[in-house]
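Only one structure is covered here, and it is reproduced in the block below.
The values are calculated or read from the model by the stated rules, or taken from the named source; none is laboratory data. Source: prediction; values computed, not measured. As a convention, Cβ positions derive from the backbone with ideal geometry for all residues, glycine included, and neighbour counts pool all protein chains shown. Side chains included, ligands, DNA and RNA excluded: accessible areas come from the protein's heavy atoms. Shrake-Rupley method; radii C 1.70, N 1.55, O 1.52, S 1.80 Å.
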Amino acid sequence: MAMKESGIEWVGLIPDGWKIAKNNRLFNISKQLVNENWKNTQLLSLTKSGIIEKNINDGGGKQPESFGTYQYVEKDDIVLCLFDIDVSAVFSDRSKYDGMISPAYRVMKCTDAILPVYAKWWFDAVNIGRYYLIYTKSLRKTIDADGFGNILSVVPPLSEQQAIADYLDKTCSKIDEIIAEAKASIDEYKELKQSVIFEAVTKGLDKNVEMKQCSVNWLDEIPSTWESIRLKYLLTEINNRSKTGTEQPLSVSQVMGVVPSYMIAVANPTASYVGQKIVEPNDIVFNKLKAHLGVFFMSKYHGLVSPDYAVYRTNDKVIPKYLEYLFHTSACISEFKKYISGVAEGLMRLYTSNLFNIRICLPKVDEQIKIVEYVENKVELFNSLISEKESLINDLEAYKKSLIYEVVTGKRRVV
């Protein structure tokens with residue numbers, strides 16, 4: 001099929017029978033305020049999942065005293081977020097509902113030249129590459145009404161617009177279903193992984209072992225050969241400080257654990273590490289502020305961490321990795337939360353004195369070794385399965401974005 005230049009840099013060639021038009025020929029801006037009718041109007045919200053109906057009384061987020069300044073939205077209106085285009089997680093959607101929405105957004109009504117169902121997918125393609133960024137002004141990366149009106153859009157014949165919308169509705173819906181199934185599988189794998197870890201570090205590997213009642217608050221029973229012991233008899237707090245600051249800087253990531261800082265962020269060449277805490281391999285680095293989130297890991301490295309962290313060293317009664325697995329069980333984290341001091345989210349800390357009073361269950365070292373080996377093999381298996389699903393999701397999301405762009409710009413014909 002013959003193609004022609006569109007005159008839009010990021011679009012390139014389009015089918016010969018398609019047109020190009022300015023947005024002010026395709027959309028009329030609607031700015032009708034609800035005023036005193038807001039109490040009788042459905043509240044709408046533009047989200048990453050599109051425009052949704054929202055309960056006006058749900059109390060989530062910041063709520064105005066009155067919604068009188070909100071604007072009406074009718075079914076098939078196009079709602080656009082034309083500010084913070086470089087970073088905003090939301091951009092546009094076609095409304096399936098009548099209601100009202102924040103005055104921060106632009107509400108557009110389609111002219112006879114463009115179908116709302118096609119416009120929805122066109123603006124999805126615009127958002128995929130943040131192609132409107134080149135038209136923005138000000139530090140907020142905003143497009144005003146005049147600027148939006150002068151931007152060019154691709155306009156297929158109306159019959160093909162409908163065919164494009166039908167095709168993308170059907171195809172992307174199937175892709176979304178597969179992605180949702182993959183995400184559900186990831187959640188199941190994560191739950192199974194946590195269940196396997198919990199069973200191993202609190203009940204051992206022998207399913208027929210005799211159990212006994214224990215004094216660990218967060219457990220009912222433990223194997224009869226295990227003991228209940230306070231952490232103060234297993235851990236020593238280490239407070240060695242660097243005099244030169246020349247050791248390798250380390251960071252504690254909730255995802256990656258204790259790793260060299262360069263793996264997470266670019267180093268600040270002017271930063272001084274003098275006075276930071278020295279960490280040795282097998283030390284446990286504990287984020288006191290995020291103990292309730294499970295941010296504590298065994299280090300594999302020699303290096304330095306922030307003085308805000310606590311560094312603990314185990315004695316010969318416990319293997320650090322066993323303790324790390326035990327600490328990351330949801331039951332143990334719940335126990336940590338009971339010992340946290342402070343009232344505000346950013347000020348809550350699990351101090352050493354409180355941590356050391358917590359009781360845990362503990363097998364003999366030889367059994368700890370077997371448990372750690374078993375858990376590591378299972379974790380590796382689950383992580384591999386999760387990685388496969390994540391790779392599938394990434395591939396499908398990339399394919400979906402490519403598909404939308406190719407179809408609305410005519411690179412891939414659906415009629």
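Enter the Cα centre distance for the pair the range 1-71 and the range 175-201, rounded to the nearest angstrom.
36 Å
Listed highest first by mean packing, meaning other Cβ atoms within 10 Å per residue, what order do 220-231, 373-384 come in?
Going from most to least packed, we get 220-231, 373-384.
Express the carbon and sulfur contribution to the solvent-accessible surface of the range 88-137 as a percent, rounded to the nearest whole number, probe 1.4 angstrom.
Using a 1.4 Å probe with all protein chains present, the range 88-137 comes out at 51 percent carbon and sulfur.
Beyond 24 Å, what percent of the Cα pairs of the range 153-272 remain?
More than 24 Å apart: 68 percent of the Cα pairs in the range 153-272.
Over the C-alpha atoms of the chain, what are the Rg and the largest Cα-to-Cα span, Dmax, in Å?
Looking at the chain, its Cα Rg and Dmax stand at 28.7, 81 Å.
Taking a quarter of the surface of the Cα convex hull of the range 1-53, what do you get in nm²?
Computed as one quarter of the Cα hull surface, the answer is 6.5 nm².
I need the phi-derived Karplus couplings for the range 171-181: 6.51 cos²θ - 1.76 cosθ + 1.60, θ = phi - 60°, integer Hz, Gly and Pro marked x.
Whole-Hz 3J(HN,Hα) from phi for the range 171-181: 5, 5, 5, 5, 4, 4, 5, 5, 5, 4, 5.
What list of ³J(HN,Hα) values in whole Hz, one per residue of the range 396-403 in order, does the Karplus curve 6.51 cos²θ - 1.76 cosθ + 1.60 (θ = phi - 60°) give from phi, with Gly and Pro shown as x?
Using θ = phi - 60°, the values come out as 5, 5, 5, 5, 4, 4, 4, 4 Hz.
Counting only residues 5 or more places away or on other chains, whose amide H sits under 5 Å from the amide H of Met348 once H atoms are built in the peptide plane?
For Met348, whose amide H was placed from the backbone, there are no distant partners under 5 Å.
Contact order normalised by length for the chain, with contacts defined as Cα pairs under 8 Å and 6 or more residues apart; what percent is it?
Relative contact order of the chain: 16 percent.
Place a point 7 Å from the Cα of Glu221 along the Cα-to-Cβ direction; which residues of the range 194-214 have their backbone N under 18 Å from it?
Residues 198-214 fall inside that zone.
Amide H to amide H under 5 Å from Gly245: which residues, 5+ apart in sequence or cross-chain, H placed 1.01 Å off N in plane?
So Gly245 has HN proximity to Gly275.
Given labels modelled 7 Å from the Cα in the Cβ direction, how far is it in nm from Ser159 to Glu199?
Distance between label points: 6.2 nm.
At 0.36 nm per residue, minus the direct Cα-Cα distance, what do Lys401 and Asp176 gain on full extension? Give it in nm, one decimal, please.
79.8 nm
Relative to the present Cα-Cα distance, how much length would full extension add between Glu280 and Lys190 at 0.36 nm per residue of separation?
My answer for the length gained is 29.4 nm.
Sorted by mean Cβ packing within 10 Å, highest first, what order do the peptides 127-139, 397-409, 64-76 take?
Listed from highest to lowest mean packing, they are 397-409, 64-76, 127-139.
If amide H atoms are built 1.01 Å from N in the plane of the peptide, which residues on other chains or at least 5 residues away come under 5 Å of the amide H of Asp93?
Counting only residues 5 or more places away or on other chains, the set is Val79.
Which FRET efficiency value, to the nearest 0.05, do you get for Asn37 and Lys109 by plugging their Cβ-Cβ distance into 1/(1 + (r/R0)^6) with R0 = 22 Å?
0.70
Stretched out fully, how many nm does the piece from Asp316 to Met256 gain, at 0.36 nm a residue minus the Cα gap?
19.0 nm
Would you mind getting the accessible area per residue of the chain, heavy atoms of the protein chains only, 1.4 Å probe, in Å²?
Spelled out: the 1.4 Å probe surface of the chain, per residue, equals 53 Å².
Apply the Karplus parameterisation 6.51 cos²θ - 1.76 cosθ + 1.60, with θ equal to phi minus 60°, to every residue of the range 386-394 and state each ³J(HN,Hα) to the nearest whole Hz, in sequence, with x for glycine and proline.
Listing the rounded values in order: 5, 4, 4, 5, 5, 5, 4, 4, 4 Hz.
Quick check: pseudo-label points 7 Å beyond the Cα along Cα→Cβ at Lys411 and Asp308, how many nm apart are they?
4.4 nm
So what is Rg over Rh here for the range 5-93, counting just Cα atoms and using Kirkwood for Rh?
Taking Rh as the inverse mean 1/r over Cα pairs, Rg/Rh reads 1.08.
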